[in-house]
1. Can you give me the number of residues within the stretch A:1-53 that are of a type in the set (Val, Ile, Thr), part of a loop (DSSP other than H, G, I, E, B) and either within 20 Å of B:Arg37 (Cβ to Cβ) or within 14 Å of the chain's Cα centre (by Cα) (or both)?
2. Can you tell me which residues in the stretch A:100-114 are open to solvent by less than 10 Å² (accessible area, probe 1.4 Å) and facing chain B (nearest Cβ under 8 Å)?
3. Scan the stretch A:89-99 for residues that are assigned to a loop (DSSP other than H, G, I, E, B) and either within 9 Å of another protein chain (Cβ to nearest Cβ) or not β-branched (Val, Ile, Thr) (or both) and report the count.
4. Pick out the one residue from B:Pro40, B:Pro82 that is touching a residue at least 60 places away in the same chain (Cβ under 8 Å) and more than 17 Å from A:Asn101 (Cα to Cα).
5. (1) of a type outside the set (D, E, K, R); (2) buried (at least 17 other Cβ atoms within 10 Å of the Cβ); (3) free of Cβ contacts under 8 Å to residues at least 24 places away in the same chain: which one isn't true of A:Pro66, the others all being true?
6. Show the residue pairs meeting these rules: Cβ distance below 6 Å; 6+ apart or different chains; first residue within the stretch A:14-29 and under 8 Å from A:His79 (Cα atoms) and open to solvent by less than 50 Å² (accessible area, probe 1.4 Å); second residue in a loop (DSSP other than H, G, I, E, B) and modelled with pLDDT of 95 or more.
Amino acid sequence: DTEVTQTPKHLVMGMTNKKSLKCEQHMGHRAMYWYKQKAKKPPELMFVYSYEKLSINESVPSRFSPECPNSSLLNLHLHALQPEDSALYLCASSLVFLGANVLTFGAGSRLTVL
Amino acid sequence: KQEVTQIPAALSVPEGENLVLNCSFTDSAIYNLQWFRQDPGKGLTSLLLIQSSQREQTSGRLNASLDKSSGRSTLYIAASQPGDSATYLCAVLNYGQNFVFGPGTRLSVLP
């Protein structure tokens, strides 16, 4: 298995909803990432988990809450989002954090906040 | 702080042309550089990874070169096809830092 799987592919939520994005990989990668991408912009790093521990939080608002239950799973819990949070959310993984290895991305979850 | 730029921002070519996409970075102390392809609304697909000790990598019609001293990488696409139409991003990894992405080059190959 050489894929990063993200669910759901599309999500529409109101500003008072609570939802979660899910990411899964079975490549034995020990680093997992959440990126946010707005239209026609490069991905922006949000969080990095290394060996299931949060290593990087790029000053992301607390309405985004990451969770890494095990080495294969990464979740992003969403609560009280704003319309400007609408974007493509990308999960990625690599063998290790800060190593000389390929960054593998999932297909993304398109989020729309009404 | 590493900064990555890509030229051109957009490119439209007829099918069959050979083309070159450019990526420049300000801090030459890189670990590796990776080229990605992104179709509209989709995730990123890794095309080529060049380690800092390498000068180039090839995969099919794609060839990526790296000149660390000048802070440049080029992605060469031979005999372009309409299916190559996408946005191409380069990402640079510095020692002790995260990947920094360039803004991308939007390529359109016309049949």
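The values are calculated or read from the model by the stated rules, or taken from the named source; none is laboratory data. Every value quoted in this text rests on a predicted model; they were computed, and no experiment measured them. Virtual Cβ from ideal backbone geometry, glycine too; neighbours counted across all protein chains shown. For the accessible areas, the whole protein counts, side chains as well, though only heavy atoms, and no ligand, DNA or RNA atoms are used. Shrake-Rupley method; radii C 1.70, N 1.55, O 1.52, S 1.80 Å.
1. Kept after step one, since they are of a type in the set (Val, Ile, Thr), are these residues of the stretch A:1-53: A:2, A:4-5, A:7, A:12, A:16, A:48.
Then drop every residue that is not part of a loop (DSSP other than H, G, I, E, B), which leaves A:2, A:16.
Then drop every residue that is not either within 20 Å of B:Arg37 (Cβ to Cβ) or within 14 Å of the chain's Cα centre (by Cα) (or both), which leaves A:2.
Counting residues in the stretch A:1-53 that are of a type in the set (Val, Ile, Thr), part of a loop (DSSP other than H, G, I, E, B) and either within 20 Å of B:Arg37 (Cβ to Cβ) or within 14 Å of the chain's Cα centre (by Cα) (or both) gives 1.
2. Listed by number, the residues that qualify are A:Leu103, A:Gly106, A:Gly108.
3. First pass over the stretch A:89-99, keeping only residues assigned to a loop (DSSP other than H, G, I, E, B): A:95-99.
With the extra rule that they be either within 9 Å of another protein chain (Cβ to nearest Cβ) or not β-branched (Val, Ile, Thr) (or both), the set shrinks to A:95, A:97-99.
Residues in the stretch A:89-99 being assigned to a loop (DSSP other than H, G, I, E, B) and either within 9 Å of another protein chain (Cβ to nearest Cβ) or not β-branched (Val, Ile, Thr) (or both): 4 in total.
4. Numbers: B:Pro40 fails: touching a residue at least 60 places away in the same chain (Cβ under 8 Å).
The conditions single out B:Pro82.
5. The single condition A:Pro66 does not satisfy is (3).
6. Listed pairs, sorted by first residue: none to list.
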